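Novice: For reference, the structure I am asking about is given below.
Read the figures in this text as sums done on the coordinates, not as results from a lab. Keep in mind it's a predicted model, so treat the numbers as computed, not measured.
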Amino acid sequence: MAQSNAQQAIFADIATRAVALLLDLILLAFVAGSVAAAVLPGPYIFLSLCLLYFGGMPLSPLQGTLGKWICRIKLCDRLGGRLTWRSSAVRVGATMCWFAPPFLVNEISAFSGVEGATLSASWWLLFALPWAPASFLSRRESLFDLLAGSLVVRYGADTESIARAEPAQKPGIFNVVGTVLLYLATGAVFSIVTAAYVDMNRRARVAYAIAQTEPLRQKVEAFHDREQRWPTAGELGISEWKPYRDGGGYRLQADGIILITFTVLPELKGRSITFRPIPAADGKKFRWQCSKDAELKPGYVPAACR
């Protein structure tokens, strides 16, 4: 019995693996949010981060992600050795095929007009499926582990002990139920992260659109200071409509008004933001008054535009 318990202690338990995954998702969401401050994001940015992170970290000296390191567990092959790049690639490829659907559904909705939030939010109910085999298999392998030939073991386990370890786990109803509940909870968090990322994506698109009008606002200010009147698009040497990437654009209207409109994404399509120059009392200086479409979600625009 003592030997069986020692062997069993080699393999990482389900709860620890769930906590490690949760920590990794939170970390990646934070990094994606930081990137969004400088780059217009899309689902491909978060998925690319996941691909590099989950694929590259197992090949590092940590032999796993930061979440696994914090939880003192690591990845190895079935003989206790470090994963090869092929095994890591298979594992991360399978993982990404499972993580991608909620993001791709929302991206497809941007062009089809079909609302994808409900589909992506309900996906968390299926989140636990790839980890279900860990409740029944003796070495606690998930579907991803079975495909890659990998094991998740405790950090202190040495190669010889892992190679010698005999399967000792006996599946039971509490183990099965516990696994399902843990990963459903993690899936629910992942669903929340997905929804938050979608909102972040919309805010970043709006921020990008507003930033693109900055040069035009400067030209309008300079023209007004010089001519004491509002310019037309022709007088500034610009086109009537200036499109920007990812759908939408802006135009200069009468009285120096700049109108931003969006052409994609159900939450943004057909919505608008207006920048109106308001002259000061002396008639020489003015400020830009920002206002939004009544149907545009307040959380997507800066506080000054609400």
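Novice: Which of the pairs K269/K297; K219/K297; K242/K292 have their Cα atoms more than 21 Å apart in this structure?
Specialist: Exceeds cut-off: K219/K297.
Novice: Need one word for segment 228-306: rounded, prolate or oblate. Basis is the Cα gyration tensor (sqrt eigenvalues a ≥ b ≥ c); a/c below 1.5 gives rounded, then a/b vs b/c decides.
Specialist: Because a/c hits 1.5 or more and a/b fails to exceed b/c, segment 228-306 counts as oblate.
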